[in-house]
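Inspection log for the structure reproduced underneath, given as structure tokens.
The values are calculated or read from the model by the stated rules, or taken from the named source; none is laboratory data. Source: prediction; values computed, not measured. Cβ atoms come from the backbone with ideal geometry, glycine included; neighbour counts cover every protein chain shown. The protein model used for the area step is the full one, side chains on, heavy atoms only, and it has no ligands, DNA or RNA in it. Shrake-Rupley method; radii C 1.70, N 1.55, O 1.52, S 1.80 Å.
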Amino acid sequence: MDDFSEYVAARWPRLVRSAVLLGCTHAEAEDLVQTALERCLLKWNKVRAADDRDAYVHRVLINTFLSGRRRRWTGEKPTGVLPEYAGTDQTAGVDDTDAIMRALDRLPSDQRTAVVLRYYVHLSEQQMATVLDVATGTVKSRLSRAVKALAQDPTLAELRGTR
């Protein structure tokens, strides 16, 4: 159990950020990571014995994400009170994040997953192949198509031109 606790403490921020990049809000990402880690805890001996623990946990995270998206409604949720935030204008940062997230949303889920695993999680192509249960060549083609699509995305082209 201590090994699991240490693993969670070390990997929590990265797992949450991976879930956000897959398309969750921050709160949804935390719930998703908690659910994935619960599943990993139940099979911790198997996770611990895996060749690449991070790849194994990310595979559980992705499977949990995909299964949750198949059956859950993710529409708007009304609230009675809107939060007030005081501070500096962060519009440009929000706009940049929005442009990137929209560009990622336009990618097919297999390409988006490949981009997240490669460029955020920093998994090698071989690790990605293991996580996604596909051949290394499939990983390369997904990444190639995704990078090409992102390079041609007009919103991101505007972003690159203004900064």
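Considering only protein heavy atoms and a probe of 1.4 Å, how much of the accessible area of the chain is carbon and sulfur, as a whole percent? The nonpolar share, carbon plus sulfur, comes to 52 percent.
Per residue, region 5-163 exposes 64 Å² of accessible surface when a 1.4 Å probe is rolled over the protein heavy atoms with every protein chain present. Couplings 3J(HN,Hα) for region 103-116, derived from phi with the Karplus relation 6.51 cos²θ - 1.76 cosθ + 1.60 (θ = phi - 60°), are 5, 5, 5, 6, 7, x, 4, 5, 6, 4, 4, 4, 5, 4 Hz, where x marks Gly and Pro. Ordering S5, S18 by accessible surface, largest first, gives S5, S18; the 1.4 Å probe counts only protein heavy atoms, with every chain in place. With R₀ set to 41 Å, the beta-carbon distance separating A151 from A9 gives a calculated FRET efficiency near 0.65. Considering only Cα atoms, the convex hull volume of the chain works out to 155 Å³ per residue. Ranking L104, V20, F65 by how far each Cα lies toward the positive end of the dipole of region 1-127 (charges on Cβ) leaves F65 at the top. A straight Cα-to-Cα reach below 18 Å connects K148 with the lysines K140, residues fewer than 8 places away in its own chain not being considered.
Entry for region 100-163 at q = 0.18, 0.21, 0.22 Å⁻¹: log10 I(q)/I(0) = -0.62, -0.79, -0.85, Debye formula applied to identical alpha-carbon scatterers, no solvent contribution.
Taken about its Cα centre, the chain carries a charge dipole of roughly 700 debye when the Cβ of each Lys and Arg holds +1 and the Cβ of each Asp and Glu holds -1.
Please list H58, H122 in order of solvent-accessible area, largest first, computed with a 1.4 Å probe with all protein chains present. Numbers along the way, then the final one.
Working: H58 10, H122 120 Å².
Ranked from most to least accessible, the order is H122, H58.
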